[in-house]
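**Student:** Structure below; questions to follow.
Every read-out reported here was derived from the displayed coordinates using simple, explicitly stated rules and does not represent laboratory data. Values in this document were obtained by computation on a predicted structure and should not be read as measured data. No Cβ is skipped: glycine too gets one built from the backbone with ideal geometry, and neighbour counts run over all protein chains shown.
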Amino acid sequence: MRDVNATPFVQQPLCASDALVERGTALVFDVTLWGQPARAFAMRFDGRAVAYMNRCAHVPTELDWQPGEFLDHDKRWIVCSLHGATYEPSDGHCIAGPCRGERLMALDLVERDGQVSWYPTPDIQPLSFD
């Protein structure tokens, strides 16, 4: 759960809570990572909304094998479509593959009153349309 004193950045609305179906298709959304356009994704796993950068810890490539599809056939693990690195959805830790022991870059989510929002960090910011 988010520490409200952890960052001065304003929460960004993401979606209604019911848009994230348990172990279903993830919501992919655009952000900036280190000032460059990038993608992130949010999903529901074991009743909790989680979000990560759509970027493998081994090679900076997007993970999904089809848009929004990150989980394996049994809907248990996040699996990189490029080389099969396998991640624990609840915390983003790589449990198998070339990046074993590393983890996905998590986004800080809050779910309140039927709404899921995320908090920017110095590295991960909302996509600007200036």
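**Student:** Top mean-square fluctuation among 27, 82, 107, Gaussian network model of the chain, C-alpha springs under 10 Å?
**Tutor:** The residue with the greatest mean-square fluctuation here is 82.
**Student:** Roughly what percent of Cα-Cα pairs across the stretch 1-129 reach past 17 Å?
**Tutor:** In whole percent, the long-distance tail amounts to 55.
**Student:** Could you check the spin-label model distance between residue 12 and residue 113? Points 7 Å from the Cα along Cα→Cβ, value in nm.
**Tutor:** Going from the residue 12 label point to the residue 113 one covers 2.1 nm.
**Student:** Moving to a separate point now. Mind telling me which of 24, 114, 92 comes out most flexible in a GNM of the chain, alpha-carbon contacts under 10 Å?
**Tutor:** Of 24, 114, 92, the Gaussian network model singles out 114 as fluctuating most.
**Student:** With springs connecting C-alpha atoms under 10 Å apart, model the chain as a Gaussian network and identify which of 40, 51, 19 has the largest mean-square fluctuation.
**Tutor:** 19
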